[in-house]
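In what follows, a single structure is set out as structure tokens and then discussed.
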Amino acid sequence: MSTAEAKVTEHIPTANVEAAVPVGAAAEISQPPSTLDLILDRSFRRSTWIIAWFIVALMFWLVLSIGRQAMPAVRAYGIGFLTTSTWDPNKAQFGILPAICGTMYSSMLGLFIGTMFGLAIAIFLSEGFLANGLTSLLVLVHLEDKRPFASIPDRLEDFLKITVELLAAVPSVVYGLWGIFVVIPLIRPTADWLHGHLGWIPFFGTSLSGPGLMPASIVLAIMVLPTISAISRDALVAVPPKMREAAFGMGATRWEAILAVFVPTAATGIFGAVILGFGRALGETMALAMLAGNANVISWSLFSPANTLAALLANHFPEADGVEVGALMYAALVLLAITLVVNVVGTLILQRADANLKGLR
């Protein structure tokens, strides 16, 4: 043994190492996987592979089955089905242009309202505004050290978070009834005033006589609010602490750091939440069937009755005959195509935004 090896050996506490590592522990750690481990590992890997491809096959089967039933209507009406406004089963005349416009208009309006409030709630919860405010209030009344009161800020913040998430558990028919008996009477005076004084603006061109785009969009915004706020909050919480410290270290105020650093860094997650909310809004059925008005008209007015593809399907399927069933399946195919296009475009934009923001993380 060389002199260097002897010196190294002298500094190794052999007794301590032997005491710390039980006999046979190294052998147990280095054991190869058993036959059962290999079987379980391969079974799990193959089962996940099968489930993933089953979902893909299920999606293709769904599209093909709807397309097969819609094919007679596709041949009969062609592109004119998408560009006409008449829906008359007695004359076998079908067109879904008002439903397409109503679907996109109500979804984008509801998404705009829901995104504003959802992002505000996400910032409010992720940055601890509620907890900090309540803590300051407890300090003023000298109750911050009292055991029953010290945990109130965190509990109230958790309660608010759970309450917002529970909005997703409310059935859509309940939202529809709430919209009829609460939202419409609540906004009707304002809608009538806007129509009376600013009726020359296309957005206020009609009065709110009952169901319309605005009450439907408000209810739709509340329905997408939990999705947008929850995912946006998770994205904001995931902003690296070092980036937060760097923003404040450079002299940024709290709101400057939030708007110029935290939100742009979390933009990928926030945009993903918006895309999910948009998908939910496009497919919403019962609440819009009760609140949109089910009118085959195209109008820029926020207070005009309208129709959506999902509401059209829900209202006409129970009494549809053979010819109308084919037209409804054609409408379902169009709704499915719109949803798929929105999700694909959203995914592409999301990937591009994520690539642009990699340098910030």
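The values are calculated or read from the model by the stated rules, or taken from the named source; none is laboratory data. Computed from a prediction, not measured in an experiment: that's the story for all the values here. Using ideal geometry, Cβ is built from the backbone for each residue, glycine included, and neighbour counts are taken over all protein chains shown. The area values use the complete protein model at the heavy-atom level, side chains included, leaving out ligands, DNA and RNA. Shrake-Rupley method; radii C 1.70, N 1.55, O 1.52, S 1.80 Å.
Structure notes:
- Filter result for PRO215 (surrounded by 19 or more Cβ atoms within 10 Å (Cβ to Cβ) and not hydroxyl-bearing (Ser, Thr, Tyr)): yes
- Selection from region 153-173 of residues that are among the β-branched types (Val, Ile, Thr), over 16 Å from ALA122 (Cβ atoms) and open to solvent by 60 Å² or more (accessible area, probe 1.4 Å): VAL173
- Odd one out for ASN90 among (1) more than 17 Å from ALA292 (Cα to Cα); (2) without any contact (Cβ under 8 Å) to a residue 60 or more places away in the chain; (3) part of a helix (DSSP H, G or I); (4) of a type outside the set (D, E, K, R): (3)
- Qualifying residue in region 335-349 (condition: surrounded by fewer than 18 Cβ atoms within 10 Å (Cβ to Cβ), hydroxyl-bearing (Ser, Thr, Tyr) and within 24 Å of PRO215 (Cα to Cα)): yes
- Selected residue [closer than 29 Å to LEU125 by Cα and not basic (Lys, Arg)] from GLY205, GLY196, GLY176, GLY212: GLY176
- For region 73-83, a residue qualifies if it is free of Cβ contacts under 8 Å to residues at least 60 places away in the same chain and under 32 Å from the mean Cα position of the chain (by Cα), and the qualifying residues are ILE79, THR83.
- Taking residues in region 160-182 that are hydrophobic (A, V, I, L, M, F, W, C), and partners anywhere that are assigned to a helix (DSSP H, G or I) and open to solvent by 60 Å² or more (accessible area, probe 1.4 Å), the pairs with Cβ atoms closer than 8 Å and at least 6 places apart or on different chains are VAL173/MET286.
- Scope region 302-357; condition of a type in the set (A, V, I, L, M, F, W, C) and without any contact (Cβ under 8 Å) to a residue 24 or more places away in the chain; matching residues: PHE317, LEU328, ALA337, LEU340, VAL341, VAL344, VAL345, LEU348, ALA355
- Residue ranges of helices (runs of 4 or more DSSP H) in region 286-361 with at least 1 members touching a Gly at 6+ places or on another chain (Cβ under 9 Å), farther than 26 Å from ILE218 by Cα and at pLDDT 85 or above: 322-356
- Leading residue by the ranking (nearest to SER106 (Cα to Cα)) among those in region 195-214 that are assigned to a helix (DSSP H, G or I) and in contact (Cβ under 8 Å) with a residue 60 or more places away in the chain: LEU213
- Tally, over region 117-149, of residues that are more than 34 Å from the chain's Cα centre (by Cα), at pLDDT below 75 and assigned to a helix (DSSP H, G or I): 5
- All positions within region 313-323 that are touching a Pro at 6+ places or on another chain (Cβ under 9 Å) and either open to solvent by less than 10 Å² (accessible area, probe 1.4 Å) or of a type in the set (A, V, I, L, M, F, W, C) (or both): ALA320, VAL323
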